[in-house]
């Protein structure tokens with residue numbers, strides 16, 4: 001099994017091997033993982049009070065991350 005970043009462990013911890021395999025062969029999947037990670041980091045900074053943001057901005061980031069997570073889940077289901 002491969003190590004996953006915390007943002008992926010929360011959502012797909014049981015699919016580590018499949019994530020690693022897709023990441024190795026699919027550039028689009030790698031881009032989805034990177035986008036998810038960046039969104040997750042930004043959301044964490046807002047939640048910890050390290051980055052100011054109003055509720056609308058925070059909600060927009062959450063929705064964007066959910067859309068990316070849906071795409072990741074779909075890619076894993078198709079693999």
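Using alpha carbons only, how many degrees (0 to 90, rounded to 10) separate the axis of helix 16-25 from the longest principal axis of the chain?
Around 80 degrees separate the two axes.
In what sequence do 62, 42 fall when counting other Cβ within 10 Å, fewest first?
Going from sparsest to densest Cβ surroundings: 62, 42.
Which angle from 0 to 90°, rounded to the nearest 10, does the C-alpha axis of helix 27-47 make with the longest principal axis of the chain?
30
What's the exposure ranking of 28, 20, 37, going from fewest to most Cβ atoms within 10 Å?
28, 20, 37
How far, in degrees from 0 to 90, does helix 55-78 lean away from the longest principal axis of the Cα atoms of the chain, to the nearest 10?
Value to nearest ten degrees: 10.
Just so you know, all these numbers are worked out from the coordinates, no wet-lab data involved. Just so we're clear, the structure is a prediction, and the values are computed from it rather than from any experiment. Neighbour counts run over all protein chains shown; Cβ positions are idealised from the backbone, glycine included.
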